[in-house]
Amino acid sequence: MLRASVTAAEWCVGCLLPSLPYDGRVSTPGNPFEGIFGELAKLFANQGPVNLQVARQIAQGLAMEGGPEANIEPLERMGYEELARAADLQVSTATGLSTSIAGGVLEIRPVGRGDYAGRTLDAYRPLLEGLAESFARMGQQGEDASDDAGEHDPTAQLLGGVTDMIGPVLLGLQAGSLVGHQARRALGQYDLPIPRPPSDRILIVPAGVNAFASDWSLDRAEVRMWVCLHQITHHAVLGRPHVRERLTELLRQYVSGFQPDPSALEDKLSGIDPTNPTSFNEILGNPGELLGVMQTPAQRQLLTRIEALVVAVEGYVDHVMSTTGANLVRSAPALVEAMRRRRADAGEGGRLVEQLFGLELGPAQYERGTTFVRGILERAGDQGLARLWRSERELPTPAEVDAPGLWLERIDIPD
C-alpha cells in the first residue's frame, strides 16, 4: 500500500513536468529541484475545483492530434455566413421561434478543432465543477478514514491528502481527454444537446463537416447546409431561457450526484510508472474509468427527467429537419441515413460525455422522441406542436413523452 502512495506523488510530477514552462531560473546546487517544484506549486495553487489549464492542454492536443491547426479559409468562412442567413430564415419560419437568444444577429462561427475544444471546455465548466463536487466527497472520505485509522495509515493519507492535492488535476485530465476526443469528430456545438451560455454565435467545425461529407460520399455544400439547419434549430430550442435553465439544472444535479469509489483511484494510480510515458495512455485512452464514479438511485430518477426533455428536443429537431431540410437539400434521404448511423457510433468522447452528463442517447431514445412529436402532430397539428416550447409549464413530463395525449390534455387545463 505504501507503494501506491509513492506512485501517486510520482505520477503527479511525471505527468505535469512536460507541460510546465521553464522560467529561466537556475536552481542552486543544494536544491536542484527548486525550479521544478516551484512551477508545480504554481500549478496546484488557486487551481479551482477543475484545473482548466491542464484540461485545455490535453483537449487541444488531442483535438489537433499534436500538430498545428490551419486557419479557416476566408472563402469557406464567407460560405458559412451565406448559408447561415438562408438556414436562419428557414428555421425561424418553420418553428416560429427566435433564433437570436442574446438580442443580436445570429452568426455561424467556423472554428478549428483545437479552438472548438477550448470553447467547449469553457461552456461545460459549470457541469465539470458539478462533477468536482462528487470528486471532493472522495477526498472527504479519505479525511474521515485518516481520522479513524490514524495519521500513519498510508491508504488514508493517499485518499485524503493526495486526492485534495491532485483532484483538480485529475479532473482536468479527464475533462481535457473527454472534450479532446469529442472535438475530433464534432460537426458543431450541438452535436450533444447541452445548453451553452446565451450567445448569438454558433460554432461549426469545418474540418469535421468536410470529413463527414467525404466519408459518406455526400455533396459538401449540401452537408454544410444540413449542419447549419441542424445547429440553428437546436440553438432556437435550447436557447429558450426556460428550456436552457431546466436542462442545465437537471444536468448539474446529475453530475453532482455521483458516488465516487476511492479504491478506483488508488488502483489506477498504483499501476502507473512515471518513468514510462506509455503508462499514461491508460488514463487518456480510457477517460471514463479513472474517477470510478458510481450511479446512485437519485441519479437514476434524474435520468428519467433528463431523457424526457432531451428526447422531446431531438424529436422536434428531427421533425423540423424533415420539413426544412427536404426543401433545401436534394440528398436529404441519404443525409438522414448517414446522420442516423453517425448517431449510432457516437465515438469514444461522445459516449463518455453522454455517460458522465446523463445524456445516454441511443436509437431507442431518438425513436421515443420521434413518436412523441408524431403523436402531437396527429392529434393537434402544427399549432399543438408550437406550444411545446412556449413556457416551462408546457415542457413534457416523462409519462407524457410516452403518452402525448396526456400532455395535450394537461396544457389545455387552465392554471
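For region 58-98, name all the residues that are part of a loop (DSSP other than H, G, I, E, B) and within 22 Å of the chain's Cα centre (by Cα).
Hits for region 58-98 are MET64, GLU65, GLY66, GLU69.
Specify the residue that is farthest from LEU302 (Cα to Cα); the eligible residues are those in region 244-267 that are surrounded by 21 or more Cβ atoms within 10 Å (Cβ to Cβ) and modelled with pLDDT under 65.
Taking the candidates together, the pick is GLU266.
Please specify each residue of region 367-396 satisfying the condition of being of a type in the set (A, V, I, L, M) and either within 20 Å of VAL336 (Cβ to Cβ) or not in a helix (DSSP H, G or I) (or both).
VAL373, LEU377, LEU385, LEU395
Tell me, which helices (runs of 4 or more DSSP H) wholly within region 269-357 include 3 or more residues that are within 18 Å of the chain's Cα centre (by Cα) and at pLDDT 90 or above?
Values: elements: 281-285, 297-320, 332-344, 347-357.
Fully inside region 269-357 and qualifying: 297-320.
Does VAL179 meet the test of being hydrophobic (A, V, I, L, M, F, W, C), crowded, with 23+ Cβ neighbours inside 10 Å and under 20 Å from the mean Cα position of the chain (by Cα)? Outline the logic, then answer.
On the way: hydrophobic (A, V, I, L, M, F, W, C): yes; crowded, with 23+ Cβ neighbours inside 10 Å: yes; under 20 Å from the mean Cα position of the chain (by Cα): yes.
It is true that VAL179 is hydrophobic (A, V, I, L, M, F, W, C), crowded, with 23+ Cβ neighbours inside 10 Å and under 20 Å from the mean Cα position of the chain (by Cα).
Determine whether ALA70 is exposed (fewer than 13 other Cβ atoms within 10 Å of the Cβ), out of contact with any Pro (no Cβ under 6 Å at 6 or more places or on another chain) and over 23 Å from GLY325 (Cβ atoms).
Against the criterion (exposed (fewer than 13 other Cβ atoms within 10 Å of the Cβ), out of contact with any Pro (no Cβ under 6 Å at 6 or more places or on another chain) and over 23 Å from GLY325 (Cβ atoms)), ALA70 qualifies.
The values are calculated or read from the model by the stated rules, or taken from the named source; none is laboratory data. Nothing here was measured: the structure is a model prediction, and the numbers come from that model. Positions of Cβ are backbone-derived with ideal geometry, glycine not excepted, and every protein chain shown enters the neighbour counts.
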